[in-house]
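Peer 1: Here's a structure for you.
Nothing in this text is a laboratory measurement; each read-out follows from the coordinates by a stated rule. In this text, all values refer to a predicted model and were calculated from it rather than measured experimentally. So basically every Cβ, Gly included, is an ideal-geometry build from the backbone, and we count neighbours across all protein chains shown.
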Amino acid sequence: MRLDHLVILLSDLSGSLPFYEKLLCLIGFSKDRDHVFGNAEGVFIDLKQAGEPDHAYRRHAPGLNHMGFTAPSREDVLSIQRQMRAAGFEAPEIQEFGSETALFLKDPDGMRIEVTHYG
């Protein structure tokens, strides 16, 4: 079996869409409809407005810790960092772990999204 889709509930869907539209297109997803993005492998990410937006994301609480994506090259990771910054989003410094190059972004709710090249 393969992963089909993820549904991510956001505290402010309209406020978070610009972040996700930029990032998801940079990592190989395209907008399928409204707030649903798909990639060539048939994985879909559906962004929805949370019914209880005051229940904030917490990194170490039960639930999704982070989403991790594999980049084809180190330059792709650096390019995503540059393009996210150019679009006005916070993109921290790249982290190097031996032969791995990683970028850890946070969406507007603080959820972590990792983009890593495994050298």
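Peer 1: Please state which of the following conditions residue 47 fails to meet, knowing it meets all the rest: (1) out of contact with any His (no Cβ under 6 Å at 6 or more places or on another chain); (2) under 13 Å from residue 8 (Cβ atoms).
Peer 2: Result: residue 47 fails condition (1) only.
Peer 1: With the checklist (1) buried (at least 16 other Cβ atoms within 10 Å of the Cβ); (2) under 16 Å from residue 22 (Cα atoms); (3) hydrophobic (A, V, I, L, M, F, W, C) in hand, flag the one item residue 78 doesn't pass.
Peer 2: Of (1) buried (at least 16 other Cβ atoms within 10 Å of the Cβ); (2) under 16 Å from residue 22 (Cα atoms); (3) hydrophobic (A, V, I, L, M, F, W, C), only one is false for residue 78: (1).
Peer 1: Right, here's the next one. Select the strands (runs of 3 or more DSSP E) contained entirely in region 1-56, then report the ones holding at least 1 residues which are touching a residue at least 12 places away in the same chain (Cβ under 8 Å) and exposed (fewer than 15 other Cβ atoms within 10 Å of the Cβ).
Peer 2: Those strands (runs of 3 or more DSSP E) span 5-10, 30-33, 44-49.
Peer 1: Which of the following residues is under 13 Å from residue 109 (Cβ atoms) and of a type in the set (Gly, Ala, Ser): 50, 71, 40, 87?
Peer 2: So the residue among 50, 71, 40, 87 that is under 13 Å from residue 109 (Cβ atoms) and of a type in the set (Gly, Ala, Ser) is 50.
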